[in-house]
1. Using the beta-carbon distance between Asp368 and Val138 and R0 = 60 Å, what value does 1/(1 + (r/R0)^6) give for FRET efficiency, to the nearest 0.05?
2. Using modelled amide H (1.01 Å from N, peptide plane; none on Pro or chain starts), what sits under 5 Å from the amide H of Val334, excluding residues fewer than 5 places away?
3. Put +1 on the Cβ of every Lys and Arg and -1 on every Asp and Glu Cβ in region 271-348; which of Leu290, Cys324, His275 then has its Cα farthest towards the positive end of the dipole?
4. Which whole-Hz ³J(HN,Hα) couplings does region 41-55 yield from phi under the Karplus relation 6.51 cos²θ - 1.76 cosθ + 1.60, θ = phi - 60°, glycine and proline marked x?
5. Convert each backbone phi in region 341-347 into a coupling constant with the Karplus relation 6.51 cos²θ - 1.76 cosθ + 1.60 (shift: θ = phi - 60°), then list the ³J(HN,Hα) values in order as whole Hz, x for Gly and Pro.
6. Counting pairs of alpha carbon atoms under 8 Å apart in space and at least six apart in sequence, what relative contact order in percent does region 271-348 give?
7. Any chance you could check the Cα centroid distance between region 289-337 and region 40-83 for me, in angstrom?
8. Determine ³J(HN,Hα), in whole Hz, for all residues of region 358-375 in sequence, where each value follows from phi through the Karplus function 6.51 cos²θ - 1.76 cosθ + 1.60 and θ = phi - 60°; x replaces Gly and Pro.
Amino acid sequence: MSAAAADWLPSASVTASGRPVLSAGEVERNLLPLVDLEPEENPRLAPLRACLLALTSHRLIFLNEPSRSARGLPLAAVVHAYPPHRRHSHNPLRSLFSSSSSSSSSSQHPRIRLQISMPPARSEVIAIVVTCKADVDVFFGRLLEAIRARAWEVAPAAAPSSGTPVAEGAAPAEDIAIRMPVVGVSGILRMEQESWESAGQNLQDAFQDLNALMSKAKEMMQLAEKMRLKLLMNSSTESNSNDEEMGSKQDMQDLLLSVGIVSPVTKETAGALYHQQLSLQLADFVRIPLEKSGGMMALVDVYCLFNRARGTELISPEDLLQACSLWEKVDVPVMLRKFDSGVKVIQTKTHSDEEVFARISSLAQKPDALQKGISPSDAAFTLGIAPALAKEHLLNAENKGLLCRDVSPDGFRFFINLFNEIDAQNIYSQKPHGLYNAWISVAMASH
């Protein structure tokens with residue numbers, strides 16, 4: 001049964017690649033590849049079958065990958081979570097509403113029972129049936145950690161307390177305290193205990209400062225993401241702004257984009273689904289950089305951008321290649337492409353080589369280009385892409401018969417192909433129109 005059928009759970013948004021859309025401050029904790037969600041006592045609640053379960057700091061998200069639909073169970077609604085177990089006893093009430101085959105098969109899998117609170121003021125018991133091979137105990141431990149952390153209760157971090165307020169002008173408490181003399185063995189032990197207590201307090205204060213710094217860093221990343229989305233919305237609605245304002249907005253978007261991914265996919269949280277979820281997150285991430293780069297980027301540039309956005313959770317080049325290779329099996333708007341020269345790029349599926357060839361051909365037909373040709377740098381400026389990728393497009397245009405290449409000490413120069421304009425039966429005849437005539441006119445004007 002699809003996630004859309006379980007209307008007793010609130011719906012959850014998904015990205016274009018099928019990953020859950022996380023709210024502000026929400027972070028992924030763990031993933032289970034295949035689970036069922038079954039009611040324990042109320043048969044009127046529709047079950048969920050064959051879902052990918054994502055545990056976040058705020059919710060349990062059940063994703064139905066074929067239908068790209070999702071349902072979310074807020075952790076705030078969980079009253080109690082019972083440790084995983086396998087149901088061996090027969091439930092006579094449940095047998096009235098389910099077949100014996102499904103009941104016997106589901107009893108062989110680990111079950112995590114949850115007591116949840118549902119409006120209006122009623123309690124239900126549901127079970128997460130883990131039908132895949134996974135470490136259920138690890139998942140349950142992280143579920144308990146997320147429930148106890150209560151990250152959905154957004155509250156400002158309390159400032160470190162310095163104890164009882166001291167009146168202005170009064171001496172510090174440590175100065176007016178009665179200091180016992182260090183006498184004998186008991187005095188040495190007391191001094192050693194005070195030393196350990198002081199070191200423990202210093203360590204605790206240091207960790208408080210570190211936690212405060214990490215909390216502020218997460219808040220800044222969330223603020224940057226909100227500002228970036230707001231800038232994108234404003235840029236799509238405002239069409240009459242000047243170039244200087246558009247340039248400043250673009251710089252601000254680039255700056256905010258480099259702040260980082262709030263919840264990067266890691267091997268610890270995704271487990272066996274690491275490369276699959278990494279490929280989906282990468283597909284969501286490269287959408288905006290590809291739009292700014294003409295629909296194509298070199299794989300090495302994507303690697304640098306993606307790792308910079310992930311912060312300390314860096315990935316290897318092999319992980320990136322494996323994640324890109326999985327795009328062939330899922331429905332995402334991007335793809336991995338390899339040119340004849342061996343250069344690998346990431347491009348959108350709507351990217352058209354014919355449109356690129358048309359722009360290159362138009363550039364090569366300009367009077368200055370008819371005389372001197374065009375370089376990869378010229379094409380890169382026109383197409384808005386890197387010179388290395390522009391060179392690949394020029395070589396492809398040459399293979400299509402649109403351009404001719406001239407190799408000199410100054411590098412590659414590409415000219416429009418005039419051989420198509422020459423009549424093979426009468427090579428000395430000059431047409432009064434066409435590219436060949438335009439080239440002759442430019443050549444004669446230069447002498």
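1. Working from the Cβ atoms, E equals 0.35.
2. Hits under the 5 Å cutoff: Lys349.
3. So the residue furthest toward the plus end is Leu290.
4. Values per residue, Gly and Pro as x: 10, 10, x, 6, 7, 6, x, 10, 10, 6, 10, 8, 9, 10, 8 Hz.
5. Result, rounded to whole Hz: 6, x, 5, 9, 9, 10, 9.
6. Once divided by the residue count of region 271-348, the mean separation gives 38 percent.
7. That distance is 30 Å.
8. 5, 5, 5, 4, 5, 5, 6, 8, 5, x, 5, 6, 5, 8, 10, x, 10, 9
Any read-out appearing in this document is the output of simple, stated calculations on the displayed coordinates, not a laboratory observation. All values reported here derive from a predicted model rather than from experimental measurement. Here Cβ is always computed from backbone atoms with ideal geometry, including for glycine, and neighbour counts include all displayed protein chains.
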